[in-house]
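The values are calculated or read from the model by the stated rules, or taken from the named source; none is laboratory data. None of these values were measured; they are calculated from a predicted model. All Cβ positions, glycine included, derive from the backbone under ideal geometry; neighbour counts span all protein chains shown.
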Amino acid sequence: MDFDRAEPDEANRFQADSAQLIVSSHLRLLQREILPRGADRVDLARRLYQAPFVVLAHDRAPDPVFFYANLTAQRLFEMAWRDMVRLPSRQSAEPLLREERRNLLDCVARQGYIDDYAGIRVSATGKRFLINRASVWNLLDATGNSLGQAAAFSDWTLV
């Protein structure tokens, strides 16, 4: 699947298709909503983009690239949307921690999700932060095919 990597706004309905994929996969696999249902898909997409917790998603490329990063993620990683959606997701971790991250993603691919991940990540300016209690899940289309993976967390500490 080719993801639209234009920054969410009113004109593109806040990337409602990508947001719906993230939200519906979360509900399907974790059996709970990431956000309460809203009036419509565009409202839900807007609220996901503006949520006070981090939401990220990457594609299924051999070297996965982010295609979604809400505003909280952009602030935490100190990157504008246009830079986030060109970033191979492995680069969100320090080089020495990338094997640990790869193992996590392999585990999620097998199990469908992990609901209690903790690990160190790094911002564009080199600030390190520990994320706690992150959920990481597969992004599934209507027929169950994996299109990538997403993560959400609201607990982080600068280290």
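Condition (residue is farther than 25 Å from Asn145 by Cβ, touching a helix residue (DSSP H, G or I) at 6+ places or on another chain (Cβ under 8 Å) and assigned to a loop (DSSP other than H, G, I, E, B)) applied to the stretch 5-28: is it met by at least one residue? Even if it seems obvious, please write down each step before you answer.
Residues of the stretch 5-28 that are farther than 25 Å from Asn145 by Cβ, as a first pass: 7, 9-11.
If we keep only those that are touching a helix residue (DSSP H, G or I) at 6+ places or on another chain (Cβ under 8 Å) as well, we get 7.
Those left that are additionally assigned to a loop (DSSP other than H, G, I, E, B): 7.
The answer is yes; a qualifying residue exists.
Residues in the stretch 54-65: is at least one in a helix (DSSP H, G or I) and either farther than 16 Å from Ser146 by Cβ or not small (Gly, Ala, Ser) (or both)? Please lay out each step first, then the result.
From the stretch 54-65, those in a helix (DSSP H, G or I) are none; that's our starting set.
No, the conditions are met nowhere in the stretch 54-65.
In the set (1) at pLDDT below 95; (2) under 24 Å from Thr143 (Cα atoms); (3) part of a loop (DSSP other than H, G, I, E, B), Leu105 fails one condition alone, (3). The set of residues in the stretch 52-70 that are of a type in the set (Val, Ile, Thr) and touching a residue at least 40 places away in the same chain (Cβ under 8 Å) comprises Val54, Val55. Among the residues of the stretch 77-86, is there at least one that is closer than 26 Å to Gln15 by Cα, in contact with an Asp or Glu (Cβ under 8 Å, 6 or more places away or on another chain), loosely packed, with under 15 Cβ neighbours inside 10 Å and of a type in the set (Lys, Arg)? Yes, because at least one residue in the stretch 77-86 is closer than 26 Å to Gln15 by Cα, in contact with an Asp or Glu (Cβ under 8 Å, 6 or more places away or on another chain), loosely packed, with under 15 Cβ neighbours inside 10 Å and of a type in the set (Lys, Arg). For the stretch 66-101, filtered to residues that are small (Gly, Ala, Ser) and not in a helix (DSSP H, G or I), the residue that is nearest to Ser146 (Cα to Cα) is Ala69.
Out of Ala118, Ala151, Ala73, report the one residue that is in contact with a strand residue (DSSP E or B) (Cβ under 6 Å, 6 or more places away or on another chain), buried (at least 17 other Cβ atoms within 10 Å of the Cβ) and without any contact (Cβ under 8 Å) to a residue 24 or more places away in the chain.
Values: Ala118 fails: buried (at least 17 other Cβ atoms within 10 Å of the Cβ); Ala151 fails: without any contact (Cβ under 8 Å) to a residue 24 or more places away in the chain.
Answer to the check: Ala73.
Restricting attention to the stretch 121-139, and to residues there that are of a type in the set (A, V, I, L, M, F, W, C) and in contact with a strand residue (DSSP E or B) (Cβ under 6 Å, 6 or more places away or on another chain), which single residue is nearest to Leu97 (Cα to Cα)? Talk me through it step by step, then tell me what you get.
Initial filter on the stretch 121-139 (of a type in the set (A, V, I, L, M, F, W, C)): 122, 124, 129-131, 134, 136-137, 139.
Next cut, in contact with a strand residue (DSSP E or B) (Cβ under 6 Å, 6 or more places away or on another chain) only: 122, 129-131, 134, 136-137, 139.
Working: Val122: 10, Phe129: 13, Leu130: 12, Ile131: 13, Ala134: 16, Val136: 17, Trp137: 20, Leu139: 23 Å.
Among those that are of a type in the set (A, V, I, L, M, F, W, C) and in contact with a strand residue (DSSP E or B) (Cβ under 6 Å, 6 or more places away or on another chain), it is Val122.
Inspect all residues belonging to the stretch 39-51 and state whether any of them is buried (at least 21 other Cβ atoms within 10 Å of the Cβ), touching a residue at least 40 places away in the same chain (Cβ under 8 Å) and not in a helix (DSSP H, G or I). Checked the stretch 39-51: no residue is buried (at least 21 other Cβ atoms within 10 Å of the Cβ), touching a residue at least 40 places away in the same chain (Cβ under 8 Å) and not in a helix (DSSP H, G or I).
How about the stretch 123-139: which of its residues are on the phi < 0 side of the Ramachandran plot and either surrounded by fewer than 18 Cβ atoms within 10 Å (Cβ to Cβ) or not in a strand (DSSP E or B) (or both)?
Taking the stretch 123-139 as the starting set, the residues that turn out to be on the phi < 0 side of the Ramachandran plot are 123-125, 127-132, 134-139.
Those that are on the phi < 0 side of the Ramachandran plot and either surrounded by fewer than 18 Cβ atoms within 10 Å (Cβ to Cβ) or not in a strand (DSSP E or B) (or both): Ser123, Ala124, Thr125, Lys127, Arg128, Phe129, Leu130, Asn132.
Taking the criterion of being closer than 16 Å to Leu35 by Cα and over 12 Å from the mean Cα position of the chain (by Cα), no residue of the stretch 121-153 qualifies.
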